[in-house]
Each structure stands twice: as C-alpha cells, then as structure tokens.
Amino acid sequence: MKKAVIALFLLVLMSSACFASEAVPDPDLNSGSSRQMMENIERIIYGYVGKGGLIERLARVEEDLFGRSLPGTIAERHAAILNFLDTGTEEQPSMMFKLGVAEWIVDKKIRASESASRRLEDLETNLTGSSRSGSPIVMRVESLLATLVMDPVNAAPVAVPGDTVMKFRFMDELSPAISRAGDFVRLELVDDLIVNNSLVAPAGSLLLTEVRSVKRPGMFGVPGEVRLWFSALRALGPQKVNVKIGEASQNAIKEARRAGGRGEGGIVGAGAASIAGAVLLGPLGLVGGAFVRGNSIKIPAGSVTFVQTSGDITVSAYPIPISLQPVTVTLEAPQPEQPASQQQQDSYNYNPDRDTIIKGDVFNRNTYGTPTNTGTVSPGGDFELPPEQQVN
C-alpha cells in the first residue's frame, strides 16, 4: 500500500513539468542554475542551504520528500521537485498550497516565513501530540489533510479585482542605520484575502519586498534614506499577485489614521505631517516603492501599511467548504409590539436602500476586500511615510 501511494505521488510529480507553463510561478524559484535551484528547494523545505555536493544534497531532499530517488538528470529532478513544491498541476495543487490550507484550517493563519518541515512538525504536534519526522513529507501532508477535512484539497481559478486593498504588518525593523541594499524585508498579510468564498491568500502570507538602496544620514542634518521595492504577494497558488501604492491604498491609510489604528504599533503611509515618503518608480520597471527618510527615523516591527493589487489577475485559490466558512450571527434587541395599523404603515414606508444595514469595515470594502470606491493611481506623486507613531 505504501509503495502504491509513493508511486502515485511520483507520477503526479513527474507530470507537473507538463503544466508548468500554464501557471506563472515565482521566477526566483524556478529559474537559474542547478545550484540555485537546489538552494531554493532547500530553503523551502529546511529553511537553510545545505552543505556538500549537489548529488548528496539532492538525494537527501528526495528521500525526505518521497522516501526514494527520482529518475532523470539533475536538472530534470530539480525542476520536478520545484514544480511539485511550488507550482502543482491541473489535477493537484502544490504541496505548499496544501500545507498552507492545513495550517489555515488549524490556526486561521500561516507562517510563510518558516520552513515547510518546521510548519509540518508543529501542525502534527498540535494535532496528534507528536511529529512523524522520518516518514516521507508528502505522505505526512496528505495524512494531515485527511485528518482535518473529508474532501480532497483542490485549487480553482479565481479572479482577483485590481485595486483590491490589503493590509500588511512589518515583521522586521527598517531604518537607514541597520538596513542594507539587497535585504529582504518581511511583511505579512494581516487579514485573509478571500474572493467568492475562495481563499486566495491566508493571513500570514508574505509580501515580497526588497531594500533597493540605502543612504546613510549625513552631516548638518542631511537625512538618511531607504528605498523599498514592493513586488508581489505570495498567495497560495503559484501566481504572483503584483501590488502597487495607489489612491485606494493611500485612502485606506488615511482612514486607518482617522480610526486611530487600534492595536497597531503604528500606521506607515500617507497622512502624517512628515516629509515625502513614497513614489512610483516607473522608469526602473518597478510596480511601487517607498522611501523612509530622516536621521533616526525607523519603522519598527509591528507597524502596518496598505497596498493594492496593480490589476485584475486570475489565481489558483482554495474553494472554502461550507463547513469552514465563517458564520455571522446578528443579535437584535426585542422590539415592542406595534398595532396592526402601524405595522401596515411601516411596510408601506420600507425603503431597502435606506433601511437595509450593510456592515463593512472602515475602509469601505465589500466582503471580498475590494474597494467599492477607488480611483486611479496618480502618476508619480508623493505620499508621506512617517517615523514610528505610538497609537493610544
């Protein structure tokens, strides 16, 4: 039985290369030399780059994942493993997709910055009291999902509208004093991105962000500067959800400031009495960027900001079963009985536009996180990115 299961996984794995062109995987993962692809695989599974020759490291990965070695050349085996981990096929979503779904079901959040092996071990320990370390990882993931849900975990295409506003939290401190060009800054999604009852990106998904340049503070009060590049959201599926800083996200930042940003370490973005903060970097081909300026200005971990999708995009998402969909219960205070004549008069005066209460958040978004009133992105233009602000 075990051999049959492993054989099925290997068949799916090797067929995944046939469908790789139909998705848009992160090119940083699926391109490059054999050495780079090996390092990408190890970072996904273990969280670090291994030591030794490529053959020995590849054999270890295959044993940990499948319990046996794969056929083919080194390049073919690397491509097949990356497709299995990150891309998936039309019939089967990727292993990281399934692991993310399992983590979301249990914790309503994922830990995208952690390695797959660490996330899997923690899930097993939380659910069963012990880890199944030593067994093939693919079997452990499938066993975990079978424990959580009855139906197989599948992926379905979902259209995410452009200008969908998303809220992110800085996981690392950012400042001219400690940041270096080339650093990757971790920003995690605060709330689930759900479209048409399909999970596109769970809370905890990472926004790909890189420090492009750093200017140290100079003499006579010359401010320092950090230039960020907001690239894309890493959703459940292999497609990258490109983001930008536009009018809708700036409006969300302003609304958050007016609402007081309760529970946040600070709101990063427009609306503060500070020097200019962010611009679009069109000539460099960037989707959006941000500046941090000042001698001692910093963005502490825990600060939040908002970005928006740069255009309509279709991605692979998890259709949430009815049993896992949130249930909203509205409790109404009892009303005194009215005479029949008054009840009849009320029915005549009923106005759906006036009397129906639609509950939404302060950013005027609908159920799926799409802004109901958005504008276009101002070409160029600045908005302010202030230093740390304590919120009462």
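Residues that are in contact with an Asp or Glu (Cβ under 8 Å, 6 or more places away or on another chain) and open to solvent by 50 Å² or more (accessible area, probe 1.4 Å) within the stretch 53-86 comprise Arg68, Ser69, listed in sequence order. For the stretch 33-49, residues that are within 18 Å of Val138 (Cβ to Cβ) and of a type in the set (Asp, Glu) total 1.
Scanning the stretch 126-163 for residues that are more than 15 Å from Phe97 (Cβ to Cβ), at pLDDT 95 or above and among the β-branched types (Val, Ile, Thr) yields a single hit, Val160. Scanning the stretch 130-156 for residues that are farther than 23 Å from Asp192 by Cα, touching a Lys or Arg at 6+ places or on another chain (Cβ under 9 Å) and either assigned to a strand (DSSP E or B) or of a type in the set (Val, Ile, Thr) (or both) turns up just one, Ser133. Scanning the stretch 12-52 for residues that are closer than 15 Å to Glu76 by Cβ, at pLDDT 50 or above and surrounded by 15 or more Cβ atoms within 10 Å (Cβ to Cβ) turns up Asn30, Ser34, Met37, Met38, Ile41.
Would it be correct to say that Phe97 is out of contact with any helix residue (DSSP H, G or I) (no Cβ under 8 Å at 6 or more places or on another chain) and crowded, with 23+ Cβ neighbours inside 10 Å? Yes; evaluated as a whole, the condition is true for this residue.
Can you tell me which residues in the stretch 157-193 are open to solvent by less than 20 Å² (accessible area, probe 1.4 Å) and either part of a strand (DSSP E or B) or without any contact (Cβ under 8 Å) to a residue 24 or more places away in the chain (or both)? Listed by number, the residues that qualify are Val158, Val160, Val165, Met166, Phe168, Phe170, Leu174, Leu187, Leu189, Leu193.
Given the structure, is Gly277 buried (at least 17 other Cβ atoms within 10 Å of the Cβ) and at pLDDT below 85?
On the way: buried (at least 17 other Cβ atoms within 10 Å of the Cβ): yes; at pLDDT below 85: yes.
Yes: the conditions hold for Gly277.
If only residues of the stretch 197-219 that are under 27 Å from Arg119 (Cβ atoms) and assigned to a loop (DSSP other than H, G, I, E, B) are counted, the one that is modelled with the lowest pLDDT is Asn197.
Can you pull out every residue in the stretch 100-117 that is closer than 16 Å to Met171 by Cβ and not β-branched (Val, Ile, Thr)? Don't jump to the end; show me each part of the working.
First pass over the stretch 100-117, keeping only residues closer than 16 Å to Met171 by Cβ: 109-115.
Once the filter is applied, which keeps residues that are closer than 16 Å to Met171 by Cβ and not β-branched (Val, Ile, Thr), the stretch 100-117 yields Lys109, Arg111, Ala112, Ser113, Glu114, Ser115.
If a residue must be part of a helix (DSSP H, G or I), of a type in the set (D, E, K, R) and farther than 20 Å from Lys240 by Cβ, how many such residues does the stretch 50-98 contain?
If we filter the stretch 50-98 for residues that are part of a helix (DSSP H, G or I), which is where we start, we get 54-66, 74-87, 95-98.
Still in the running and of a type in the set (D, E, K, R): 56-57, 60, 62-64, 76-77, 86, 98.
Right, trim to farther than 20 Å from Lys240 by Cβ and you get 56-57, 60, 62-64, 76-77.
Of the residues in the stretch 50-98, 8 are part of a helix (DSSP H, G or I), of a type in the set (D, E, K, R) and farther than 20 Å from Lys240 by Cβ.
In the set Ala290, Ala248, only one residue is modelled with pLDDT of 80 or more and open to solvent by less than 20 Å² (accessible area, probe 1.4 Å); that residue is Ala248. Quick one: would you say Lys109 is of a type in the set (D, E, K, R) and assigned to a loop (DSSP other than H, G, I, E, B)? Yes, satisfied. Does the stretch 77-86 contain any residue that is touching a strand residue (DSSP E or B) at 6+ places or on another chain (Cβ under 9 Å) and within 28 Å of Ser323 (Cα to Cα)? The answer is no; no qualifying residue exists. Within the stretch 100-134, restricting attention to residues that are acidic (Asp, Glu) and in contact with a Ser or Thr (Cβ under 6 Å, 6 or more places away or on another chain), the residue that is surrounded by the fewest Cβ atoms within 10 Å (Cβ to Cβ) is Glu121.
The values are calculated or read from the model by the stated rules, or taken from the named source; none is laboratory data. All values reported here derive from a predicted model rather than from experimental measurement. Ideal geometry is used to build each Cβ from the backbone, glycine not excepted, and the neighbour counts take in all protein chains shown. What goes into the accessible areas is simple: the full protein's heavy atoms, side chains included, and nothing from ligands, DNA or RNA. Shrake-Rupley method; radii C 1.70, N 1.55, O 1.52, S 1.80 Å.
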